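Participant: Have a look at this one.
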Amino acid sequence: MRNGRWWALAVLATGQLMVALDATIVNIALPAMQADLGFSDAGRQWVVTGYGLAFGSLLLLGGRLSDSFGRKRMLLIGFAGFAAASALGGAATGIEVLIAARVSQGVFAAMVAPAALSLLSVTFTDPRERGRAFGIFGAVTGSGTAVGLLLGGALTEYASWRWCLYVNLIFAAAGIAGAVLKLADVPGIRGGRLDWPGVLAAVAGLVALVYGLGEKSYAFAPAGLAILVVFVLIERRAAHPLLPLRVVLDRNRGGAYLSVGIAGAGMFGMFLFVTYYLVGTLGFSAVRTGLAFLPMIVGIMLTAVTSGRRLTPRFGPRPVVTAGALIAAAGMVYLTRLAPDSTYLTGVLPGMVVVGLGLGMIFSPTQNAATAAVPPHDAGVASAMINTAQQIGGAAGTALLTSVAISAADDVYRTIFWWSAGFFLLCAAVSATTFRSGPLHLRPGTTEMVAPAAADV
């Protein structure tokens, strides 16, 4: 086993953890932020939405820039920019600066995430090592949202809400040092122009879609879908497309994108409404709410590593993702039993653990499948698509479930968790019918032939 590759995994997982936890780390801190800076509820919404909007809409561009200008270079730029944006947000004295910082974090996160996943894909090409590496990376991806709640609660209660932003300086510094010392340079694929019409259509369409879903706007979301149809037409004719359609039309990659998007809808909605239940019904503090998700994090890590190391290399993603989605659905069905007099130990905990076990079996195989057998010049954009699918799915799920909660007269949590169970059942059906049977294969001329990205040190 070449130690350089595993050091590289630690660096790439650090980047993935940083961008994943920042989707939720400020959520519990919002009341403290609002009291300190004195902004309105509308401003509070944008502190959360600004990050997801920039991140989700710019991922494809970040992935193509990674392919064109070098993955290590984009990773370093992303780390440095994310750190600067976090420092700005932590020092904010008004809502305008705070929102600008959160949007900037999303911009640089869209550079870090595809660069990290594509570097992982070209670094680990041996099937067994690749399965183990993607298991660990999938565990970080699946648990990052819960880690954000845990860390955000602890920092808000024992330090300050500002440390929910300053903490990223530690992650970024570790990532930059590790990338410089442990990642070999992987030059970009030069010679092709950037597809600017495709860039503009993709960004405009994704911004409108993510904003429309997040704000439940019946004008922006359809407009976003229409613009994305135009984007597809542009990509069919472009000489150097931003997103070559061959990337998404492969059955395994298409299955991965659909599965993780649908699972993201169920997962983000579940996190949001379980948090509401813990705080609003059980009266948990910020720290106690974060700690309540810890068993779920353990469940995600356990099955992500196991499925990545043992199950996916042997059976392929089809049965593993399908089984994971069914397990997650069973956990959500258990949570439908929650009532105002339920307890955490018997009402919340068992369902959360079961959902976590299922999620770990979804994220590791889908990330592996999304980047397997991708030509080196498309690795960045293929990696960006899996993150884009998760962001769009999360925004759609949160918007839909929030609307359902508003319209539900009684049994709000029971209704929400039945909907989330439905998302996971749909994920199971999609994964069972779209993925190819059997293990993943790296075909000649693709990532199998790429030199490792990690230095042998």
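Participant: With +1 on each Lys and Arg Cβ and -1 on each Asp and Glu Cβ, and nothing else charged, work out how big the dipole of the chain is about its Cα centre, in Debye to the nearest 20.
Facilitator: Using only the charged Cβ atoms, the result is roughly 1260 debye.
Participant: Please compute the net charge surrounding residue 104, taking Lys and Arg as +1 and Asp and Glu as -1 over other residues with Cβ under 13 Å from its Cβ.
Facilitator: Net local charge, residue 104 excluded: -1.
Participant: What whole-number volume per residue, in cubic angstrom, does the convex hull of the C-alpha atoms of the chain give?
Facilitator: That works out to 127 Å³ per residue.
Participant: Let me ask you something else. In vacuo Debye scattering of the range 195-241, one point per C-alpha: log10 I(q)/I(0) at q = 0.16, 0.28 Å⁻¹?
Facilitator: Here the Debye-derived log intensity ratios amount to -0.40, -0.86.
Participant: Further question: Near the amide H of residue 183, under 5 Å away, which other amide H atoms are found, from residues 5 or more places off or on another chain, if H is placed in the peptide plane?
Facilitator: Result for residue 183 returns 455.
Participant: Take 303, 322, 93 and order them by how many other Cβ atoms sit within 10 Å, fewest up front.
Facilitator: Lowest count first: 93, 322, 303.
Participant: Given DSSP loops and a limit of at most 10 other Cβ atoms within 10 Å, what is the longest stretch of the chain that contains no such trypsin sites (Lys or Arg not before Pro)?
Facilitator: 194-457
Participant: Same structure, new question: Stretched out fully, how many nm does the piece from residue 41 to residue 180 gain, at 0.36 nm a residue minus the Cα gap? Walk me through the intermediate numbers first.
Facilitator: Values: separation 139, 0.36 × 139 = 50.04 nm, distance 4.18 nm.
Residue separation times 0.36 nm, minus the Cα-Cα distance, leaves 45.9 nm.
Participant: Another question, if that's okay. How much length would be gained if the chain were fully extended between residue 437 and residue 194, taking 0.36 nm per residue of separation minus their Cα-Cα distance, in nm to one decimal?
Facilitator: Separation in residues times 0.36 nm, less the Cα-Cα distance, equals 83.9 nm.
Participant: Also: Using the alpha-carbon centroid of each, what span in Å lies between the range 48-80 and the range 121-136?
Facilitator: 22 Å
Participant: A further question follows. Return the inverse of the average 1/r over all pairs of distinct C-alpha atoms in the range 168-323, which is the Kirkwood hydrodynamic radius, in Å to one decimal.
Facilitator: 20.1 Å
Participant: Is any helix in the chain, taking whole DSSP H runs, at least 20 angstrom long along its axis by alpha carbon and on average at least 0.5 on the Kyte-Doolittle scale, and which ones?
Facilitator: Span-like helices here: 3-21, 71-90, 95-123, 163-182, 196-214, 220-237, 251-276, 317-335, 349-371, 379-407, 412-434.
Participant: If you don't mind, another one. Distance between the C-alpha centers of the range 358-434 and the range 280-319? Whole Å please.
Facilitator: 15 Å
Bear in mind that the values in this text are calculations on the coordinates, not laboratory data. Computed from a prediction, not measured in an experiment: that's the story for all the values here. Neighbour counts run over all protein chains shown; Cβ positions are idealised from the backbone, glycine included.
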